[in-house]
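These notes concern the structure reproduced below.
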């Protein structure tokens, strides 16, 4: 049979989605690391948009390094959150990883990316969740449960 | 502070990735359902590209209905496979779901999408894997293990 399209035509036609990451870190008291961006209200966790040809795991490790100055070799996928198209933004996929428990010594090595972030702190999960952006509020609780249960959450917003 | 870009400018700049799905079905003997496309060599499992504003789960359910004529309400995420940019194709994410074990009665209700598929069969996993396309060969084995272990595989190709 003959192909209807060239590879280039077909590749250009395929719909594509924006991909981002979020990384959960805990301290030895089980509190969640949250960061305060200087460009919008609310708190976030480390993470950001994946670059072209960058995997979710690579993105999560890069954002962790850039935003809090830590090289964390082992990040574990704990959730995938799908978000529908919203205004000018295409639909999206957020990959949530867990960086585990930071020792007190490692926590002292956190260096904040001051261009975009103005503060960080560890807060009990139930206090941290209401401080987060609305999109993180919709997926972080299930991802925290996934960490506890050693599973991976699949969430549609 | 002032924003550097409008939302529309920022949305357009964000890199995006192609998203696809693959669905694993087993028969009561534990054999894997594979389908033979008429447009290329090798065998596949049901699945395909996600439409714009279609979630991975919605895509997997739609492709299952279109390709083999079954409405399977419960699909479980068992793997995420990242593939780097390849020629004209952007990097991609394949979401692998498990549709569970099809009863002998349900298996008789399979109706193949004859526009794109010419044959289906159940084959023991170790026989099925070598028949699959190279990209599926790289992720299906770990996803079959994830089904057995009730986990979710994260794979980078």
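The values are calculated or read from the model by the stated rules, or taken from the named source; none is laboratory data. Note that the coordinates shown come from a computational prediction; the quantities given were computed from them, not determined experimentally. Every residue, glycine among them, receives a Cβ derived from its backbone with ideal geometry; neighbour counts consider all protein chains shown.
Below is a table of values for the structure above.
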| item | result |
| --- | --- |
| Selection count, segment B:129-141, where residues are more than 11 Å from residue B:32 (Cβ to Cβ) and buried (at least 18 other Cβ atoms within 10 Å of the Cβ) | 2 |
| Qualifying residue in segment A:81-89 (condition: within 15 Å of residue A:22 (Cα to Cα) and either out of contact with any strand residue (DSSP E or B) (no Cβ under 6 Å at 6 or more places or on another chain) or assigned to a helix (DSSP H, G or I) (or both)) | no |
| Candidates A:111, A:121 - the one that is modelled with pLDDT of 95 or more, part of a loop (DSSP other than H, G, I, E, B) and either farther than 30 Å from residue B:77 by Cβ or within 11 Å of another protein chain (Cβ to nearest Cβ) (or both) | A:111 |
| Segment B:16-49, subset surrounded by fewer than 16 Cβ atoms within 10 Å (Cβ to Cβ) and more than 16 Å from the chain's Cα centre (by Cα), residue farthest from the other protein chains (Cβ to nearest Cβ) | B:29 |
| Sole exception among (1) surrounded by 16 or more Cβ atoms within 10 Å (Cβ to Cβ); (2) touching a helix residue (DSSP H, G or I) at 6+ places or on another chain (Cβ under 8 Å) for residue A:156, by number | (1) |
| Count - residues of segment A:50-64 that are more than 10 Å from every other protein chain (Cβ to nearest Cβ) and surrounded by fewer than 19 Cβ atoms within 10 Å (Cβ to Cβ) | 1 |
| In segment A:42-51, the residues that are assigned to a loop (DSSP other than H, G, I, E, B), on the phi < 0 side of the Ramachandran plot and touching a residue at least 24 places away in the same chain (Cβ under 8 Å) | A:45, A:46, A:50 |
| Any hit, segment A:138-149, residues being under 15 Å from the mean Cα position of the chain (by Cα) and part of a strand (DSSP E or B) | no |
| Selection count, segment B:87-115, where residues are closer than 22 Å to residue A:8 by Cα and surrounded by 15 or more Cβ atoms within 10 Å (Cβ to Cβ) | 6 |
| Residue A:126 vs. criteria surrounded by fewer than 22 Cβ atoms within 10 Å (Cβ to Cβ) and either under 14 Å from the mean Cα position of the chain (by Cα) or not in a strand (DSSP E or B) (or both) | yes |
| Odd one out for residue B:84, checked against (1) within 25 Å of residue B:151 (Cβ to Cβ); (2) more than 10 Å from chain A (Cβ to nearest Cβ); (3) surrounded by fewer than 16 Cβ atoms within 10 Å (Cβ to Cβ) | (2) |
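The rows are residues; the columns are (1) in a strand (DSSP E or B); (2) in contact (Cβ under 8 Å) with a residue 12 or more places away in the chain; (3) touching a helix residue (DSSP H, G or I) at 6+ places or on another chain (Cβ under 6 Å).
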{"site": "A:36", "(1), (2), (3)": "yes, yes, no"}
{"site": "A:53", "(1), (2), (3)": "no, no, no"}
{"site": "A:60", "(1), (2), (3)": "no, yes, no"}
{"site": "A:67", "(1), (2), (3)": "no, yes, no"}
{"site": "A:79", "(1), (2), (3)": "yes, yes, yes"}
